[in-house]
Amino acid sequence: MTILEHPQDPSAEVDTTSAEPVVVEHPPVWRIDIAGVTKADLAPVRWQLWLAYVGFALGAAMGILQAVDRVDIDLYDQVGLASYYQGLTLHGVGLALIFTFCFANAFVSLLGMRAYGRPLPRGLSQAAAWSAWVGVALAGTAIVMNKATVLFTFYTPLQATPVFYIGAVLLVISTWLVLAALIVTHRRWRAEHPLERVPLLGYVSLTTYLMWFLASLGIAIEVLGWVLPFALGWRDTVDPQFTRILFWFTGHPIVYFWLLPIYISWYLSLPKLVGGKVYSDGLVRMVFLAFLILLPVGVHHQFTDPGIPFTSKSISWILTFFIFYPSTVTAFSVFASLEMGGRARGGKGLIGWIFKLPWGNPAVAGQLLAGIGFMLGGASGFINASYVINNEVHNTAFIVGHFHLTVGTGVALSIMAISYWMVPYLTGRALWGRRVALAQVWLWLIGVLTFSRGQMWGGIEGMPRRTYISAAPYVDAQGSSWDWSNALTAIGGSLMFISAVLFFVVIIATLNHSKAVTGVQEIPVAELVHGPKRSWAIVDELKIWAAVAMILTVIVYGEVIAHYWPLNEVARAVRPW
Ligand code: HAS
Ligand code: CU
């Protein structure tokens, strides 16, 4: 008699009635590695992820229109858009707000469950998913109806229908609900483990969302105090510069809300995928804490704006250089983890280990390539942040090059790569088309490098951003540098679009045509070389650090607003498109 072992399925039954016992095999069962988490607990995570993909699809579809417009292929009318700017609003909102926010909600919720070894409160997670979906439906409809052509920055006095802002508010509320779910889960865990250090994965998840919550207060005050009443007709005029100050208070740290979920992956998950370890628990905590504390640097988006004195700009400029520090540390630390993995796999020499990394795994290759793109994006951040050089690049296409390397690669390409393990994990379907996925991630990097080269070149030659370049009357006078810039932008953007299509092919085929996965699915989380004992317990006191962040904010922005006051509410609504 052989009893078949079925480790994945402990419910396999042994038939004891017949003389010769027969093992009745059940089909292998897909399970996940977090005790007590059911399919119903994963549903809100999945819905957030699907919504992220909706944002990505919308954004990518508009991206290709913008790219080919650079070589005078104008398709806006054919697809029914009222203007270039309607497409640009869909592009920005779809990618910068929907794709990133909903991915963060999905990914960090999942990591929160893994960190604390239990489900998040289901009601809060469901409310977050509903809030995001309803918000996106409202804001998306407003843009599609051409009632909200205000770009993702919605600068006043540009005005959209109130429905757009209400949709955006709901999307932000969904992120607050995820924070509430994390805090409740954290408290429950804390009650059971009063003396332990906060699990590292829980710590980074909480700091990411706490940082974002404090950051989002600026946009909340802007929208509820000024922008929405203005759209509702309760205010006739606004002060555009003041709403910009509030917007950029949020608008800078928003980029770290996009980035930090990816840093969590690079620090704690990618090393596991390559067979390395996380170098230091304390260092990871310190990095996330720095992002929490150094909130108030948004004025570096307003170096050329009037009404903000040089002192305020200088303070922001110096603090911006402080905030390079956690990212630079991250680069070294993640490299160390990768090197451990590469050497453990037999890699030798100064760079030989890089080639030994598991480049054949698209979840790895995608994140490595995203990191390479991000190094260039981060370096261009130094240029933007330098007060004097900013004059050269502000409001030019150079900035577009910068953020396609940061959010468009470091973040977006990592999201795609993470999806290659996360979708199988969440759905029980094996990844379809590993080679297609590999081609996809490489194509994205090649595309974005070409695109950003084009945009940065154009920017240095004075090409404005947020501009319908092919229709600009001055374009012919600019000579061949603009032609080259536009050609590279069009080629790079087209490659990115093909890559995005391949991504959706892989995901849709994974959901519909792939095999079921078997056994326990694990979230890749790496081990530590140096555990939490070496770091100070006070770094876990997030209330103190949130208070420090708020005090710094009051000092820095108090100084800005004290100079700016009183408001000049003189601008009436503008709806040009
Ligand atoms: Fe920025 C404008 C300064 C980072 C996004 N930024 C923007 C805008 C966006 C954006 C969207 O000071 C335009 C907004 C608008 O519409 O007007 N940015 C910075 C600085 C940083 C920075 C100092 N930005 C980001 C990130 C973004 C982002 C991150 C999105 C996610 N940015 C500015 C300034 C402006 C600006 C000005 C205003 C410009 C103007 O005039 O309008 C820093 O945080 C960057 C630090 C990053 C690094 C890189 C570290 C490298 C790492 C890679 C590790 C490698 C790995 C791979 C893992 C120092 C961590 C290894 C691979 C192997 C094969 C081994
Ligand atoms: Cu910024």
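Just a few scattered comments:
- In the chain, helices alone account for a calculated mean residue ellipticity at 222 nm of -21000 deg cm²/dmol, with every DSSP H run of four or more residues adding -39,500 (n - 2.57).
- Here the accessible area is traced with a 1.4 Å probe on the protein chains. For the range 359-515, carbon and sulfur cover 67 percent of it.
- Cross-link pairs beyond the 31 Å C-alpha cut-off, checked among Lys277/Lys313; Lys39/Lys533; Lys39/Lys147; Lys313/Lys543: Lys277/Lys313; Lys39/Lys533; Lys39/Lys147
- Taking label points 7 Å from Cα along the Cα-to-Cβ direction, Phe382 and Leu528 give a separation of 3.1 nm.
- For the chain, a simple Cβ point-charge model (Lys and Arg +1, Asp and Glu -1, everything else neutral) yields a dipole of about 680 debye relative to the Cα centre.
- When Rg and Dmax are taken over the Cα atoms of the range 171-277, they come to 18.3, 60 Å.
- R0 of 30 Å, Cβ-Cβ distance Thr518-Phe355: FRET efficiency to nearest 0.05: 0.40
- Here the range 154-206 and the range 69-141 have alpha carbon centers that stand 16 Å from each other.
- Accessible surface calculations at 1.4 Å, restricted to protein heavy atoms, place the range 87-207 at 32 Å² per residue.
- Percentage relative contact order, the range 359-515, counting C-alpha pairs under 8 Å, at least six apart: 31
- List Thr311, Thr320, ordered by accessible area with a 1.4 Å probe, largest first: Thr311, Thr320
- Extension gain, Phe322 to Thr467, is 49.0 nm, computed as 0.36 nm per intervening residue step minus the present C-alpha separation.
- Length gained when the stretch Val554-Lys348 is fully extended (0.36 nm per residue, less Cα-Cα span): 69.1 nm
- Cα-based radius of gyration of the range 507-577 once divided by 2.2 N^0.38 Å, which approximates compact folds: 2.33
- Rh by Kirkwood over Cα pairs, then Stokes-Einstein D for the chain at 0.890 mPa s and 25 °C, µm²/s: 98
- Against the rule of thumb 2.2 N^0.38 Å, how large the Cα Rg of the range 36-80 comes out: 1.85
- Percent RCO, i.e. relative contact order, over the chain, from Cα pairs under 8 Å lying at least 6 residues apart: 19
- Taking 1.002 mPa s as the viscosity and 20 °C as the temperature, the Stokes-Einstein diffusion coefficient of the range 359-515 based on its alpha-carbon Kirkwood radius rounds to 130 µm²/s.
- Most to least accessible of Glu541, Glu569, Glu527 (protein chains only, probe 1.4 Å): Glu527, Glu541, Glu569
- Distance from the Cα centroid of the range 444-523 to that of the range 332-411 is 17 Å (rounded to whole angstrom).
- Reciprocal of mean inverse Cα separation for the range 137-191 (Kirkwood radius, Å): 12.8
- Degrees separating the helix 480-513 axis from the principal Cα axis of the chain, which is the longest one: 30
The values are calculated or read from the model by the stated rules, or taken from the named source; none is laboratory data. All figures in this text were calculated on a predicted structure; none of them were measured in a lab. Note that each Cβ is placed from the backbone with ideal geometry, even for glycine, and that neighbours are counted across all protein chains shown. The area values use the complete protein model at the heavy-atom level, side chains included, leaving out ligands, DNA and RNA. Shrake-Rupley method; radii C 1.70, N 1.55, O 1.52, S 1.80 Å.
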